[in-house]
Amino acid sequence: MTPTFDFEPAAIALETVVAGIADDQLDAPTPCAGTTVAALLDHVLALTEAFRQAATKESVGRSTPPAVAQDSKLPGDWRARIQAQLKALVAAWREPGAWEGETEAGGVREAALVMAVIALDEIVVHGWDLARATGQPFTCAESDAAILFEFLRETPAAGTPGLFGPVVEVPADAPVLDRVIGLTGRTPSRPA
């Protein structure tokens, strides 16, 4: 049997942060260099749909990378849309077939299990980014943080161009989420 996990805790954490974002915070900077809250929300809209399609395999052979652009075209119903798309993503990955074979998202083809972990990374890390940018708390299930730590632990110190900046050193006894955040090139102690 293919090992799986449930996206619901991560989706709820991101949904909670999104619901707490005020309209006057949309131009605020995020921990993603040069990216505003609005631009990151626009990216979240794209990635939640892309990873739902990865679960259903409908994106295979036709996916394109979800961009993070400063000239965000954030729709007026972004809160409701992100909430609905997160629920659809959770439901799609609860189907047994989602975890089988290969799939595609953002122009990248991987084993479905790897793609699921990449989706989890996007949801958790961007949830953290948005929480920090808007002064909100952020929660992450320990099991999700552990999955992401295993996935990211071999990240090169220089980072991964186009994905993560240089690794930020975090003490080995820090909470697992802090170590995950450091591996993505972000400073976990950045104030909320």
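Among 189, 59, the order of accessible area from largest down is 189, 59, computed with a 1.4 Å probe on protein heavy atoms. When the helices of the chain are scored as -39500 (n - 2.57) per DSSP H run of n ≥ 4 and the total is divided over every residue, the value at 222 nm lands at -15000 deg cm²/dmol.
Computed extension gain for residue 28 through residue 91, at 0.36 nm per residue and net of the alpha carbon distance, reaches 19.5 nm. The magnitude of the dipole of the chain, with charges of +1 and -1 set on the Cβ of Lys/Arg and Asp/Glu and taken from the Cα centre, is near 200 debye. Over all other residues within a Cβ to Cβ distance under 11 Å of residue 47, the charged ones net out to -3, with Lys and Arg as +1 and Asp and Glu as -1.
The calculated FRET efficiency for residue 79 paired with residue 58, based on their beta-carbon distance and R0 = 22 Å, is about 0.30. Would you kindly calculate the translational diffusion coefficient of the chain, applying Stokes-Einstein with the Kirkwood radius from alpha carbon pairs, for 4 °C and a viscosity of 1.567 mPa s, and quote it in µm² s⁻¹ without decimals? Diffusion coefficient, whole number: 78 µm²/s. Global size of the range 107-179: 12.8, 36 Å for Rg and Dmax (C-alpha atoms, Rg to one decimal, Dmax whole). Dipole check for the range 75-144: with +1 at the C-beta of Lys and Arg, -1 at the C-beta of Asp and Glu, and the Cα centre as origin, the magnitude is about 380 Debye. Long hydrophobic helices in the chain, taken as whole DSSP H segments with a C-alpha length of 20 Å or more on their own axis and mean Kyte-Doolittle hydropathy at least 0.0: 37-56, 78-93, 112-133. Dividing the mean sequence gap of close Cα pairs (under 8 Å, 6+ apart) by how many residues the chain holds gives a relative contact order of 24 percent.
The values are calculated or read from the model by the stated rules, or taken from the named source; none is laboratory data. Just so it is clear, the structure is predicted and the values come from calculations on it, not from any experiment. Quick reminder, even Gly has a Cβ in these numbers, built from the backbone with ideal geometry, and neighbours come from all protein chains shown. Heavy atoms of the whole protein, side chains included, go into the accessibility calculation; ligands, DNA and RNA do not. Shrake-Rupley method; radii C 1.70, N 1.55, O 1.52, S 1.80 Å.
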